[in-house]
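Notes for the one structure printed next.
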């Protein structure tokens, strides 16, 4: 059964009557928005176990095992939501075959997929079945973009003009994650100051920049000149993102090593001298400030998120770009999302 996005959001309770729901499309942000809304709604009424499975890590027979193990709920009677990340359709037939095994209301299978062509077997199956739902997630309309902008600034208790909203809508892409990342970036750059938001929102110039200086500014949480344009420039090229992710990982590994030395009683100066290659003297002061700003626990979170981001790039996951952007913004603000997906 095909459900439109708005109908799905307005009738979340009806979704729990289904055995499974398939979300697909090129707007990965809208897909994740639907899934988060569904999980949140379910948690309002009962305790829920959320399990993530990835088809590129599964072999034949695993789908049946997952459904069988989670159909009866856990020892405490909690419901289970299995979120299946579908990266290819090699397991589609096995998925369709085992959907009939979902007989318990305590289990809901959520399938998260990229774009599926009209001839896709699993797409056709969900479209035609009465006890299954499929939600296409395509690009945001102008109305939807404006609504996202309004909700964001309302949540931050910031008033912006109608003219700003409309002009900003026209600048933004039609993909939800990119829209949300752009809004976060503008908010960070302006420090939440309504008077500065518009000036940051429409900065588009780009120029050559010192990569290490830019990296230091990100980890230090300080917004250097033209941060906006440099950030945009970095996010344009796929290979640059992979390269920068690796550079950031190496940087945080160095910080983790120094923090470990400090915990063992080694002085900061001596610990830094152990690094090979050494920190260039031009960036030494900035590096020391970064060490003061970051706890070893936050460094571990950053490393974990960057590793997940690199894995997404290597998989060819369409959410890799948006995940990378969000990860950078979280590092700048030192406000991490606690979930790792």
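None of the figures in this text is laboratory data; all of them are computed from the coordinates on show. Only a predicted model underlies this, so the values are computations on that prediction, with no experimental measurement involved. Neighbour counts run over all protein chains shown; Cβ positions are idealised from the backbone, glycine included.
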Top of 274, 16, 168 by mean-square fluctuation, Gaussian network on the chain, Cα under 10 Å: 274
Rounded tilt (10° steps) of 162-171 against the dominant C-alpha axis of the chain: 90
Angle in degrees between helix 284-293 and the longest Cα principal axis of the chain, rounded to the nearest 10: 50
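When a footprinting reagent is the concern and you count Cβ atoms within 10 Å, what order do 328, 31, 51 take, fewest first?
On the way: 328 22, 31 25, 51 13.
Ascending Cβ contact count within 10 Å gives the list 51, 328, 31.
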Relative contact order, percent, the chain [alpha-carbon distance under 8 Å, six or more residues apart]: 18
Size descriptor, Kirkwood hydrodynamic radius, that averages inverse alpha-carbon separations across region 139-202, Å: 11.5
Taking 327, 34 and counting other C-beta atoms within 10 Å, the order from fewest to most: 327, 34
Among [x] 39, 26, 18; [y] 44, 21, 16; [z] 29, 24, 21, the entry that matches semi-axes √(5λ) of the Cα gyration tensor in Å as calculated here: [x]
Rg to Rh, two decimals, where region 5-136 supplies the alpha carbon set and Rh follows Kirkwood: 0.93
CD proxy at 222 nm, helix term only [per DSSP H run n ≥ 4: -39500 (n - 2.57); per residue of the chain; nearest 500]: -17500 deg cm²/dmol
Prolate/oblate/rounded call for region 98-158, Cα gyration tensor, a/c under 1.5 rounded: oblate
Global geometry of region 1-62, whether rounded, prolate or oblate, following the gyration tensor of its Cα atoms and the 1.5 cut on a/c: oblate
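May I ask you to order 309-315, 277-283 by the average number of other C-beta atoms within 10 Å around their residues, highest value first? Before the final figure, lay out each step's value.
Working: 309-315: 16.9, 277-283: 10.7.
Top to bottom by mean Cβ count within 10 Å: 309-315, 277-283.
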Relative exposure of 323, 33, judged by other C-beta atoms within 10 Å (fewest first): 33, 323
Inter-site label distance for residue 50 and residue 191 at 7 Å from Cα along Cβ, in nm: 3.4
Helix axis angle, 28-45 relative to the chain longest principal axis, alpha carbon, degrees: 70
Two-decimal Rg to Rh for region 236-333 - Kirkwood Rh, Cα set: 1.02
